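Everything on this sheet refers to the single structure shown next.
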Amino acid sequence: MKKVDYIICGDYVLTMNERLDAFHDGAVAVKGTRIVDVGSAEAVLKNFSAGRTIEGKGRAVLPGLVNTHTHAPMVFFRGLADDLPLKDWLEKHIWPAEDSLLNPGFVYDATKLACLEMIKAGITTYNDMYFFGGSSAAAAKEIGIRAFLGAGILDFPGKTAQTPDEYLGNAEKFILDWRGEDLITPCLAPHSAYACGPGTLKRITELAERLGALVSIHLSETEWEVGEILSRYGRRPVEHLDAIGFLNQRVLAAHCVWLSDSEIAVLARRGVGVSHCIESNLKLASGIAPVPEMLRAGIKVTFGTDGAASNNDLNVLGEMSTAAKVHKAVAKDPATLDSKTALLMATRWGAEVLGIGDRAGSLEKGKLADMITVDLKKPHLTPVYDMYSHMVYAAAASDIDTVMINGRLVVDSRRPVTCDEEKIMQKASEWGKKIAVYNSGPRQVN
């Protein structure tokens, strides 16, 4: 028998590979950072002996969930300014709060809280857009989560830079400092076409090409944004970005709510990935993205939580459930966005739009050992007829039992093992008191 580090068993193993192979009474063998076998529990246990075997009775095993768009440090602004339009929310509350409070210590502590929330919800990889990337990277690395961290870029002064030149210089340094890490992938993150002019965006495209970096951007999130870009450049946002040569396979566009049919065709032609943030879009009344139309055009649509200040949680299971049901209602077709497609969007497709589909996103021999187990011994998960359906329509973040990232257990029987949960939450409470004093208007946090 070959020796491995772990054998993870389950009543159900959903691989989410190209064939959507699934095993009843299955198992996954892990050695180091990689999966060495997936199959029936009988076959895996016959061929391998493990340092630890995680029993599978009443459990399902799946690839880790992928959150393709968030602003992790904004967990400290959760509930700070709810029930407002996006423009007012940003310009009157969030940006002023960030201007007053943002520093490396804030970002480090907030990122730890966000990563704790995400791993407990079964998220093994996330793609972020924020500032003070070194602090985010240090926190994410300590937690042990796979993180794509986008250096925020604007045309106007902020806490980390005063000019586009300074933002770009900082971004390049961040990428060079952190590239080559196992879990941390530094990226570029221009905020939007209205916060970054054509000159800045062209330079970002050149920098991304030179450094081989992913680029994340907010795109067509609101009707206001479409009107603003039309008034400035005479084209809709997707048309504008395409005209300046910005769109390509390195680009991951968040939201994409207000798209015309021709813009959908452009995104498909350019190979742009999309992060669908339905709960944030609903809460901010931004609209509902044309996801079925994008999927039919061949666009890889994935799930993002957006930041906890506008959602208000970091829970991809919730995004799946909301999206699958809302799009059925909009299309007046219960077959729209079926459970298998939704789970693909939350796993393998998420890894693919981040450029790691060859290494992660599904349970396959040779891929990175990023996986979760789900406790099925719950009233709301009993009985089981269709595991895909259960994951999308019935499972909750609290059902996540075990989380492995890069072959390392980060959550074991609901207990985070790479961090001190109480200490992280105590630190968050201390920051909350400071933020409450700052936000002394009618929406004060108590």
Worksheet item: Within segment 17-29, can you find the residues that are buried (at least 24 other Cβ atoms within 10 Å of the Cβ) and touching a residue at least 40 places away in the same chain (Cβ under 8 Å)?
Response: 28
Worksheet entry | Which listed residue is over 23 Å from residue 183 (Cβ atoms), in contact with a helix residue (DSSP H, G or I) (Cβ under 9 Å, 6 or more places away or on another chain), among the polar types (S, T, N, Q) and at pLDDT 95 or above, from 339, 310 | 339
Discussion item. I'd like the full set of residues that are at pLDDT 95 or above and on the phi > 0 side of the Ramachandran plot, limited to segment 233-286.
Written reply: 234, 245, 255, 256, 271
Worksheet entry | Of all residues in segment 374-389 being closer than 23 Å to residue 328 by Cβ and either touching a residue at least 24 places away in the same chain (Cβ under 8 Å) or among the basic types (Lys, Arg) (or both), the one that is surrounded by the most Cβ atoms within 10 Å (Cβ to Cβ) | 387
Worksheet entry | Members of segment 3-39 that are in a strand (DSSP E or B), within 19 Å of residue 386 (Cα to Cα) and under 25 Å from the mean Cα position of the chain (by Cα) | 12, 13, 14, 22
Worksheet, complete the sentence: Scanning segment 361-381 for residues that are part of a loop (DSSP other than H, G, I, E, B) and farther than 21 Å from residue 37 by Cβ gives 376, 377, 378
Worksheet item: What number goes with the only condition from (1) surrounded by fewer than 24 Cβ atoms within 10 Å (Cβ to Cβ); (2) in contact (Cβ under 8 Å) with a residue 40 or more places away in the chain; (3) of a type outside the set (Ser, Thr, Tyr) that residue 65 does not pass?
Response: (1)
Practice prompt. Could you tell me whether segment 329-336 includes any residue that is within 18 Å of residue 124 (Cβ to Cβ), modelled with pLDDT of 95 or more, in contact with a helix residue (DSSP H, G or I) (Cβ under 7 Å, 6 or more places away or on another chain) and not small (Gly, Ala, Ser)?
Written response: no
Worksheet, complete the sentence: In segment 106-133, anything closer than 28 Å to residue 362 by Cα and hydrophobic (A, V, I, L, M, F, W, C) is listed as 113, 114, 115, 116, 118, 119, 121, 123, 129
Discussion item. Considering only residues that are among the β-branched types (Val, Ile, Thr), crowded, with 19+ Cβ neighbours inside 10 Å and outside any helix (DSSP H, G or I), which ones fall in segment 314-360?
Written reply: 347, 356
Discussion item. For segment 248-266, give me each residue that is hydrophobic (A, V, I, L, M, F, W, C), within 25 Å of residue 87 (Cα to Cα) and either free of Cβ contacts under 8 Å to residues at least 40 places away in the same chain or in a helix (DSSP H, G or I) (or both).
Written reply: 251, 253, 256, 257, 258, 259, 264
Worksheet item: Does segment 78-86 include one or more residues that are surrounded by 24 or more Cβ atoms within 10 Å (Cβ to Cβ) and either closer than 23 Å to residue 214 by Cβ or touching a residue at least 12 places away in the same chain (Cβ under 8 Å) (or both)?
Response: no
Worksheet item: What are the residue pairs meeting all of these: first residue in segment 401-427, first residue farther than 17 Å from residue 108 by Cβ, second residue crowded, with 18+ Cβ neighbours inside 10 Å and modelled with pLDDT under 95, Cβ atoms under 8 Å, and 6 or more apart or on different chains?
Response: none
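Here's the yes/no breakdown for (1) in contact with a strand residue (DSSP E or B) (Cβ under 9 Å, 6 or more places away or on another chain); (2) part of a strand (DSSP E or B); (3) surrounded by fewer than 19 Cβ atoms within 10 Å (Cβ to Cβ):
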residue	(1), (2), (3)
180	no, no, yes
189	yes, yes, no
193	yes, no, no
209	no, no, yes
228	no, no, yes
232	no, no, yes
Worksheet, complete the sentence: Of the candidates 161, 139, 110, the one satisfying the condition of being free of Cβ contacts under 8 Å to residues at least 40 places away in the same chain and crowded, with 24+ Cβ neighbours inside 10 Å is 139
Worksheet, complete the sentence: Only unsatisfied item for residue 333, checking (1) over 29 Å from residue 58 (Cα atoms); (2) in contact (Cβ under 8 Å) with a residue 24 or more places away in the chain, is (2)
Fill in: Residue, nearest to residue 184 (Cα to Cα), within segment 350-393, restricted to residues that are in contact with a helix residue (DSSP H, G or I) (Cβ under 7 Å, 6 or more places away or on another chain) and among the polar types (S, T, N, Q)
362
Discussion item. Of the residues 44, 36, only one is touching a residue at least 60 places away in the same chain (Cβ under 8 Å), among the β-branched types (Val, Ile, Thr) and buried (at least 17 other Cβ atoms within 10 Å of the Cβ); which?
Written reply: 36
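The values are calculated or read from the model by the stated rules, or taken from the named source; none is laboratory data. Since the structure is predicted, the reported quantities are computational estimates derived from the model, not experimental observations. Glycine gets a Cβ as well: all are built from the backbone with ideal geometry, and neighbour counts include every protein chain shown.
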